[in-house]
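Student: Sending over a structure as structure tokens; questions will come in a sec.
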Amino acid sequence: MFRGLLSDDVVASLYNYLDNPTVRGYSDFVAKLYRANMGNLSKHINSICENDENVYVKAIGNGDSVPEYLSQCVKNELQILQSVAELSAEELCQPLEWSEALPKFCSDSISLFDNYTHRTKNIGKYGYGAYAKHSMFYVDDIGSIVPVNNPDPTRLSDLLDYKREQQIIIDNTKALLEGKPAANILLTGDAGTGKSSTIKAVTNELFSEGLRIIEMSKDKLSVIPKILNELADNPLKFIIFIDDLSFLKDDDNFNALKAVLEGSVSAKSKNVVIYATSNRRHIIRETFGERGDDDVHRNETMQEIISLSERFGIHITFQKPNKDTFLRIVYGLAEAKGIDMPKEELAAQAERMALERGGRSARLAKQYIDYLLSAK
């Protein structure tokens, strides 16, 4: 059941050492264990067991009935791996004649079986494989889902104001996590108002509840049905995140996304929602010429232009902050970062920067605070 663990660098090097005990083999194993987690063997074995994507855990995640012989197989192998997790440096060095100066490692007292049972009973919160270890993913050029190794750490506490808009997103996402009907959301509004940051912050807040996010660019929308099929049996819940969504007229990706939002047979999914941001209310870029009277069916054309926006169940607008809101964000960020400056001076400099940059925004407020921090 856990045969995939043999491909793990630490386990593979330990296997090779046990097969042929040498100083070089032992040192290679310890070096890999150091790189993995600073040298704790039991924690490493526990981690790779919990995150292993095997037949048993996938069946549990899909809600399938698991035969008793598979359950017994898992139990037997975890007992063997328990013995591996409890190995000490002294035990491993016994076959070696010279071991005094060899590096050491540690092992804690753990119960692999109890830990694994807890994870499988709560598979909807933990997941398995890469989804157990990572919160954010992206779709690459060949349509594969790839983990983000350095995800955006933004939390909701970092985002000041726009609480009403944030709460709508939180409530809808919690409905998804609870297995209730959840809507696709379109976030529109001025640049820098925190649309994208809010979605990522919600993911960070609800990661422990089983939420993951997959970001994709609009030129890859044609692979959404493939992505949905891949995620259909996964016990976790997912946000497909499309940032800065806009289309040129007659864009093929327009119809691809429209079909998904309509809930076609290939696209319908209970554990996935689509959250998109756009600086445009109607998403499709339109020229003044296209608004002329030369189009006999102008009304039908305009209806097509706004149809995609209307297929999102929830539409949230992030308005550009007025002066009071902008300064409230500045004051809040300054306090959170420990900047000791009179409010009058903070306000004057922030307003001057807003004037130079052509307008106020939450992003500009953060940039202003970052500037003050860098100038310390």
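None of the figures in this text is laboratory data; all of them are computed from the coordinates on show. Small disclaimer: the values here were computed from a predicted structure and weren't measured. Here Cβ is always computed from backbone atoms with ideal geometry, including for glycine, and neighbour counts include all displayed protein chains.
Student: With +1 on each Lys and Arg Cβ and -1 on each Asp and Glu Cβ, how big is the dipole of the chain about its Cα centre, in debye rounded to the nearest 20?
Tutor: 920
Student: At 7 Å along the Cα-to-beta-carbon direction for both Arg328 and Asp244, put a label point, then send me their distance in nm to one decimal.
Tutor: 2.9
Student: Further question: Here are labelled values, [x] 64, 57, 39; [y] 60, 55, 51; [z] 89, 58, 33, and one is the computed Cα extents along the principal axes in Å for what I pasted. Which one?
Tutor: Of the labelled values, this structure produces [z].
Student: Ile142 versus Phe113, label points 7 Å from Cα toward the beta carbon: distance in nm?
Tutor: Taking the two extended label points, one gets 4.2 nm.
Student: How big is region 323-374 by Rg and Dmax over its Cα atoms, in Å?
Tutor: Using the Cα atoms of region 323-374, the pair Rg, Dmax is 9.6, 27 Å.
Student: Over all directions, what mean area does the Cα convex hull of region 30-83 project, stated in square nanometres?
Tutor: That works out to 4.2 nm².
Student: Let me spell out the model: positive unit charges on the Cβ of Lys and Arg, negative unit charges on the Cβ of Asp and Glu, origin at the Cα centre of region 123-216. What dipole size does that give, in debye rounded to 20?
Tutor: That gives a dipole near 300 debye.
Student: Would you mind checking the tilt of helix 112-121 against the longest principal axis of the Cα atoms of the chain, expressed as 0 to 90 degrees and rounded to 10?
Tutor: 30
Student: Something else now. As a test, work out the antiparallel percent of DSSP beta bridges whose residues both lie in the chain, rounded to the nearest 5. The partial results should precede the final answer.
Tutor: On the way: 3 of 27 bridges.
DSSP beta bridges in the chain are roughly 10 percent antiparallel.
Student: Rg/Rh for region 92-243: what does it come to with C-alpha atoms and Rh from Kirkwood? List each step's numbers first, then the result.
Tutor: Values: Rg = 20.4 Å, Rh = 18.1 Å.
Taking Rh as the inverse mean 1/r over Cα pairs, Rg/Rh reads 1.12.
Student: Defining a contact as two alpha carbons under 8 Å apart and six or more residues distant in sequence, what relative contact order in percent does region 323-374 show?
Tutor: Answer for region 323-374 is 49 percent.
Student: Where does each of Asp190, Asp244 land when they are ranked from fewest to most other beta-carbon atoms within 10 angstrom?
Tutor: Asp244, Asp190
Student: Separate question: In whole percent, what relative contact order does the chain give with Cα contacts below 8 Å and a gap of six or more residues?
Tutor: On the way: 520 pairs, mean separation 57.8, N = 376.
Computed over the chain, the figure is 15 percent.
Student: Here's another thing I want to ask about it. Kirkwood Rh over alpha-carbon pairs of region 148-210, then Stokes-Einstein at 25 °C and 0.890 mPa s: what D in µm² s⁻¹, rounded to an integer?
Tutor: Here the translational diffusion coefficient equals 197 µm²/s.
Student: May I ask for the angle, rounded to the nearest 10°, between helix 68-85 and the longest principal axis of the chain, with both axes built from Cα atoms and the value confined to 0 to 90°?
Tutor: Compared with the principal axis, the helix lies near 70 degrees.
Student: Let me ask you something else. Give the residue from Asn40, Pro321, Leu6 lying farthest towards the positive end of the charge dipole for the chain; charges sit on Cβ (+1 for Lys and Arg, -1 for Asp and Glu) and the dipole is referred to the Cα centre.
Tutor: Pro321
Student: While we're here: For a quick check: with amide H placed at 1.01 Å from N, whose amide H comes under 5 Å from Val148's, ignoring anything fewer than 5 positions away on the same chain?
Tutor: Amide H to amide H, under 5 Å and 5 or more residues apart or across chains, Val148 pairs with Met136, Phe137, Tyr138.
Student: Report, in cubic angstrom per residue, the convex hull volume of the C-alpha atoms of region 1-148. Don't skip to the answer; put the middle values down first.
Tutor: On the way: hull volume 20.0 nm³, N = 148.
Each residue corresponds to 135 Å³ of Cα convex hull volume.
Student: Between helix 163-177 and the chain, what is the angle of the helix's C-alpha long axis to the longest principal axis, kept within 0 to 90° and rounded to the nearest 10?
Tutor: 50
Student: Then there is this: Under unit Cβ charges (Lys, Arg +1; Asp, Glu -1), what dipole magnitude, rounded to 20 debye, does region 178-261 have relative to its Cα centre?
Tutor: Using only the charged Cβ atoms, the result is roughly 120 debye.
Student: Report ³J(HN,Hα) in whole Hz for each residue of region 345-361, in order, from the Karplus equation J = 6.51 cos²θ - 1.76 cosθ + 1.60 where θ = phi - 60°; Gly and Pro get x.
Tutor: Taking θ as phi minus 60°, the curve returns 6, 4, 5, 5, 5, 5, 5, 5, 5, 4, 5, 5, 8, x, x, 8, 6 Hz for region 345-361.
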